[in-house]
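Working notes for the structure below.
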Amino acid sequence: MKLAGANIVVTGASSGIGEAAAKALAARGAHVALLARTYEALERIAREIGAAGGSAFVYPVDLGDADATARVAEAIVREHGCPDVLINNAGAGRWLYADETRPSDAAAMMALPYFAAFNLTAALLPCMLARRSGTVVNVTSPASFSAWPGATGYTAARWAMRGFTQALRADLHGSGVRAMLAVLGETASAYWQNNPGAAERLPRLRAFFPRLRPQDAAAALVRGLERDSSTVIAPFQLRFALTLHSIWQWPMDRLLIATGHRRSKDLSAAQPPKPAPGGPPLQT
Ligand SMILES: NC(=O)c1ccc[n+]([C@@H]2O[C@H](COP(=O)([O-])OP(=O)(O)OC[C@H]3O[C@@H](n4cnc5c(N)ncnc54)[C@H](OP(=O)(O)O)[C@@H]3O)[C@@H](O)[C@H]2O)c1
């Protein structure tokens, strides 16, 4: 697709991959709507895009709130027309074993990214379907394909993102509207500070994959949109690994477990999850 002049909605645009994607898309002439909760960060990014000659609009919203999500979708269509592209990128999620996870954390991990992506897509689809064009991009991680120890709720939510994308493709067949899955490897962003404990639980297999910068992830998204790809995978080595996984699923899953986090020594000290508000709040 041609990005110049396209109306593109980017969620999670206040930092990391979303910020980099919004800037890269604006640099190609797209009009970008920036969605996240932190107004000041969105305003700063919109100013930076404007100073570089691009056009950006700010929509502060908590995408964990379904009513607020519906309202923001309505405002975007009313004020800027039907988007050509929706990038569902906003996300968070602690890496916890199931027995470490409080019910509120489990719900929050599904709220973002999955329900947020589902609800915003559902709200913006009617105008895309009426126009018979549009692309919905769902950003996820390799945890959408496999699993490693110590990230149960996170993994389930990422599988939901892949299932959602696959189901959308079935729904949208022949409609002129497309769904793209963007699978990104480890990316250096605030994600790792916002979700404490996650970095320590990355499988040692990660050593084979270069860490992306947010700009690299954004460049992969831009390329995928320009080429109308149905799936974007970055870095390149991850594409190779996911191909191997599709052929040899069992050995690859075992390898992830074998190189993943072990807590055998901690188990005797394991405590049932404390009811909220104990423990650090989940960032959603
Ligand atoms: N970093 C990685 O290694 C990696 C790898 C693969 C996939 N991903 C995925 O890529 C996406 C972006 O990650 P990132 O690395 O860029 O992380 P990040 O820097 O922490 O950015 C997360 C974004 O989501 C927004 N967000 C969080 N909760 C929200 C809510 N309730 N409502 C609206 N916006 C919300 C945050 O903005 P506010 O806090 O201002 O709301 C922020 O803009 C996530 O879905 C993540 O799972 C990340």
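Tabulated data for the structure shown
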{"read-out": "Flag if residue 39 is near the ligand (Cβ under 10 Å from one of its atoms) and open to solvent by 20 Å² or more (accessible area, probe 1.4 Å)", "value": "yes"}
{"read-out": "Qualifying residues in segment 220-253 (those that are open to solvent by 40 Å² or more (accessible area, probe 1.4 Å) and under 18 Å from the mean Cα position of the chain (by Cα)) - the one farthest from residue 138 (Cα to Cα)", "value": "239"}
{"read-out": "Filter result for residue 58 (more than 21 Å from residue 229 (Cβ to Cβ), open to solvent by 10 Å² or more (accessible area, probe 1.4 Å) and in contact with a strand residue (DSSP E or B) (Cβ under 7 Å, 6 or more places away or on another chain))", "value": "yes"}
{"read-out": "Qualifying positions in segment 125-141 - in contact (Cβ under 8 Å) with a residue 60 or more places away in the chain and surrounded by fewer than 24 Cβ atoms within 10 Å (Cβ to Cβ)", "value": "135"}
{"read-out": "The one condition in (1) open to solvent by less than 20 Å² (accessible area, probe 1.4 Å); (2) more than 15 Å from residue 135 (Cα to Cα) that residue 53 fails to fulfil", "value": "(1)"}
{"read-out": "Candidate set from segment 139-182 (those that are among the charged types (D, E, K, R) and more than 19 Å from residue 246 (Cβ to Cβ)); member that is farthest from the ligand (Cβ to nearest atom)", "value": "171"}
{"read-out": "Residues that are of a type outside the set (A, V, I, L, M), open to solvent by less than 40 Å² (accessible area, probe 1.4 Å) and under 22 Å from residue 239 (Cβ atoms), drawn from segment 164-189", "value": "164, 165, 185, 186, 187, 189"}
{"read-out": "Residue that is within 12 Å of the ligand (Cβ to nearest atom) and surrounded by fewer than 18 Cβ atoms within 10 Å (Cβ to Cβ), where the choices are 66, 75, 92", "value": "66"}
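The values are calculated or read from the model by the stated rules, or taken from the named source; none is laboratory data. All of these numbers come straight from a predicted model, not from anything done at the bench. Ideal geometry is used to build each Cβ from the backbone, glycine not excepted, and the neighbour counts take in all protein chains shown. The accessibility values were calculated without ligands, DNA or RNA, using every heavy atom of the protein model including side chains. Shrake-Rupley method; radii C 1.70, N 1.55, O 1.52, S 1.80 Å.
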